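K.L.:
What follows is a single structure, and I will ask about it in a moment.
The values are calculated or read from the model by the stated rules, or taken from the named source; none is laboratory data. Every value quoted in this text rests on a predicted model; they were computed, and no experiment measured them. A quick note on method: Cβ atoms are made from the backbone with ideal geometry, for glycine too, and the neighbour counts reach across all protein chains shown. Side chains included, ligands, DNA and RNA excluded: accessible areas come from the protein's heavy atoms. Shrake-Rupley method; radii C 1.70, N 1.55, O 1.52, S 1.80 Å.
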Amino acid sequence: MKWIEAQVIFDSGDKQLAVDLISEAFYNLGVKGVVVADPELEPEEGWADQIETRAEKDSVTGYFPDSDASCDKCRRLEQALRQLEADQDLCCRIEYRKIEEEDWANSWKEYFRPEKVGERIVVKPTWREYFPREEEIVIEIDPGMAFGTGTHPTTSLCVQMLETYVTPDVSFLDIGTGSGILMVAAAKLGAEKVHGVDMDEVAVQVARKNLELNQIRPDQFTVAHGDLVTGVEETFDIAAANILSHVIITLLDSVAMVLNPGGLLICSGIIEEHRDSVLLKMMSCGFEILDVRSKDSWVAICARYPTAPAI
């Protein structure tokens, strides 16, 4: 199988905002993970590996299968970038190339290194070495390019909220689980039962593999194929959804049915300009806002559903 590598090389006065907006353009095409190259990136002191090859230009790269839909995805990506150039301080160009499956699997790995994404949690790729400090919790991850590395601000915001709100023996639901990183984090923070759901069957396989890799007990987790909470029959103490804003707004109409009374909902993947619309929808659905955090133009919200939903 061949893949399309779409590298967006950009120049912007606000580099982080440009990365976030270009990444969102890829996510809107169904690409769940991107590679960000930064020529100024320096490894943090004491981390295991150095960068093998320093990037020459700022870029965001996404991958999608070379199929009948490829031309349409390329056209939509180009349209989105042209709109960004019109609206933002941003200039960019795209370079495409076709690559084989084995090259696709390895071409991005040099940019993925251990990264501390919370107060205690460190995400470590399986192919690198890292020696944790005593208080740190290490998550081993082998995401596959389609499902991201877990180090994007939207994921780190979720992880930080899990560190705050997960207590021993709670049950946890991950909606749109992707690589399964939030399920692993919740389990390692003490959740007794974790369940993930994703509409991509490959994501289900990847998440299951990463849970096993992190030695989460087989009786402690389940992963299922499904669309949002359709088909989820149990209820949970905490649910997380690290997905796009418009999907979160749709989810809010039904998510209370899978929460226990007083259950928590953590939502991320929200860009700053959509923050208020998500908050308003949450409150209109009966949620009590507990916590709002932001990082690099992204927002995460934790809210409580105070009563049992009507049946």
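K.L.:
Whats the longest run of the chain with zero GluC sites (Glu not before Pro) that are DSSP loop and have at most 13 other Cβ atoms within 10 Å?
P.N.:
The answer is 136-232.
K.L.:
Return the calculated 222 nm mean residue ellipticity for the chain, to the nearest 500 deg cm²/dmol, obtained by summing -39500 (n - 2.57) across DSSP H runs with n ≥ 4 and dividing by the residue count.
P.N.:
-8500 deg cm²/dmol
K.L.:
Below 8 Å between Cα atoms, with a sequence gap of 6+, how large is the relative contact order for segment 209-303 in percent?
P.N.:
25
K.L.:
Now for a separate question. In what sequence, largest accessible area first, do TRP298, TRP3 appear using a 1.4 Å probe?
P.N.:
Order by accessible area, largest first: TRP3, TRP298.
K.L.:
Could you work out which residue, out of ALA69, ALA185, ALA256, moves most in a Gaussian network model of the chain, that is, has the largest mean-square fluctuation with Cα springs under 10 Å?
P.N.:
Result: ALA69 has the largest fluctuation of those listed.
K.L.:
On a full-extension model of 0.36 nm per residue, what is the gain between ARG217 and ALA69, subtracting their alpha-carbon distance, rounded to one decimal in nm?
P.N.:
49.4 nm is the gain from fully extending ARG217 to ALA69.
K.L.:
According to the Cα gyration tensor, what semi-axes, each the square root of 5 times an eigenvalue, does the equivalent ellipsoid of segment 228-302 have, listed from largest to smallest in whole Å?
P.N.:
20, 12, 11
K.L.:
Relative contact order of the chain, please, whole-number percent, based on alpha carbon pairs below 8 angstrom and at least 6 residues apart.
P.N.:
14
K.L.:
I've got another one for you. Based on the Cβ-Cβ distance of THR250 and LYS98, what FRET efficiency does E = 1/(1 + (r/R0)^6) give at R0 = 30 Å, to the nearest 0.05?
P.N.:
0.30
K.L.:
With a cap of 15 neighbouring Cβ atoms within 10 Å, and only residues DSSP puts in a loop, list the trypsin sites (Lys or Arg not before Pro) found in segment 1-40.
P.N.:
none
K.L.:
Please state the relative contact order of segment 138-253 as a whole percent: Cα pairs under 8 Å, 6+ residues apart?
P.N.:
29
K.L.:
Compute the distance in nm between two label points, each set 7 Å from the Cα along the Cα-to-Cβ direction, one at ARG76 and one at GLU56.
P.N.:
About 3.1 nm, to one decimal.
K.L.:
Rounded to the nearest 0.05, what FRET efficiency is calculated for GLN88 and ILE289 with R0 set to 30 Å and r the Cβ-Cβ distance?
P.N.:
0.55
K.L.:
Along the charge dipole of the chain, which of GLY178, SER156, LEU279 sits closest to the positive end, that is, farthest toward it, with unit charges on the beta carbon of Lys, Arg, Asp and Glu (+1, +1, -1, -1)?
P.N.:
LEU279
K.L.:
Separate question: Determine how many Å³ per residue the convex hull of the Cα atoms of the chain encloses.
P.N.:
It is 134 Å³ per residue.
K.L.:
Any of LYS188/LYS281; LYS98/LYS295; LYS2/LYS188; LYS57/LYS98 with alpha carbons more than 29 Å apart? Name them for me.
P.N.:
LYS188/LYS281; LYS98/LYS295; LYS2/LYS188
K.L.:
Over the alpha carbons of segment 159-259, what is the largest minus smallest coordinate on each principal axis, giving the biggest first in Å?
P.N.:
Here the spans come out as 33, 29, 24 Å, largest first.
K.L.:
Using a Förster distance of 25 angstrom, determine the FRET efficiency expected from the C-beta separation of THR164 and ASP38, and round it to 0.05.
P.N.:
Plugging the Cβ-Cβ distance into 1/(1 + (r/R0)^6) gives 0.30.
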